[in-house]
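Notes to accompany the following structure.
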Amino acid sequence: MAELDTGSSVPDFELPRAGGGTVGLRDLKGKPFVLYFFPKDGSEGCTTEALDFSRLKPQFAALGVSIVGVSPDSPKSKDRFRAKHDLTIDLLSDEEKSVLQAYGVWVEKSMYGRKYMGVERTTFLVGADGIVANVWRKVRTAGHADAVLEAARGLATR
């Protein structure tokens, strides 16, 4: 799939949610939302990012913006991750990696000369119309959720 960029329509999806049930594009469309992809439940960077988005959830909600995180970990892993850190955002499981691939975030990575497939930490801010308003790739977690909130404020005033 071609890389999603500002102005792209987001691909449809439906994935299992931590705590049960599913969340799909049909549940999110109609209001702006943040869809962020992260490599692994419980890792340091992923925990920081999830805690920051949870901390800012009330401010996003005041703008009418939902926050959804996606990784390839199982729903049970997501349940443990949410419970351990008192996370308040929706976390979705993409064990088959179909959504990760559709959004272009399942990529070849390299560490210590070894190549492997993994999630490139990426965040999409999507307008109520299902069109990408902002994209952050190869995200560094420090301050990231605040930057996304600032962009969401700008989206809300358009």
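Here are the numbers for this structure:
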read-out: Qualifying residue in the stretch 90-111 (condition: modelled with pLDDT of 95 or more, under 16 Å from A145 (Cβ atoms) and either among the basic types (K, R) or touching a Cys at 6+ places or on another chain (Cβ under 8 Å) (or both)); value: no
read-out: Pick from the stretch 35-74, criterion in contact with a strand residue (DSSP E or B) (Cβ under 8 Å, 6 or more places away or on another chain) and assigned to a loop (DSSP other than H, G, I, E, B), ranking: farthest from L155 (Cα to Cα); value: S74
read-out: Residue match in the stretch 51-71 (condition: touching a Leu at 6+ places or on another chain (Cβ under 6 Å), aliphatic (A, V, I, L, M) and within 13 Å of V99 (Cβ to Cβ)); value: yes
read-out: Residue within the stretch 87-105 that is of a type in the set (A, V, I, L, M), closer than 18 Å to S54 by Cα and out of contact with any helix residue (DSSP H, G or I) (no Cβ under 7 Å at 6 or more places or on another chain) present; value: yes
read-out: Identity of the residue in the stretch 47-72, without any contact (Cβ under 8 Å) to a residue 60 or more places away in the chain and touching a Pro at 6+ places or on another chain (Cβ under 9 Å), that ends up surrounded by the most Cβ atoms within 10 Å (Cβ to Cβ); value: S71
read-out: Residue ID - nearest to the chain's Cα centre (by Cα), chosen from residues in the stretch 83-120 that are in a strand (DSSP E or B) and of a type in the set (K, R); value: K109
read-out: Candidates G104, G118, G113, G130 - the one that is surrounded by fewer than 20 Cβ atoms within 10 Å (Cβ to Cβ), over 18 Å from V10 (Cβ atoms) and either in contact (Cβ under 8 Å) with a residue 60 or more places away in the chain or touching a Leu at 6+ places or on another chain (Cβ under 7 Å) (or both); value: G118
read-out: Search result, residues across the stretch 134-158 that are under 22 Å from D94 (Cβ atoms) and not hydroxyl-bearing (S, T, Y); value: N134, V135, W136, R137, K138, V139, H144, A145, V148
read-out: Identity of the residue in the stretch 133-156, hydrophobic (A, V, I, L, M, F, W, C) and under 12 Å from the mean Cα position of the chain (by Cα), that ends up surrounded by the fewest Cβ atoms within 10 Å (Cβ to Cβ); value: W136
read-out: Inter-residue pairs, beta-carbon under 9 Å, first among the basic types (K, R) and in the stretch 26-42, second assigned to a strand (DSSP E or B), 6+ apart; value: R26/E14; K29/V126; K31/S66; K40/S71; K40/G118; K40/V119
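The values are calculated or read from the model by the stated rules, or taken from the named source; none is laboratory data. Remember, it's a predicted structure, so these values are computed and weren't measured experimentally. Quick reminder, even Gly has a Cβ in these numbers, built from the backbone with ideal geometry, and neighbours come from all protein chains shown.
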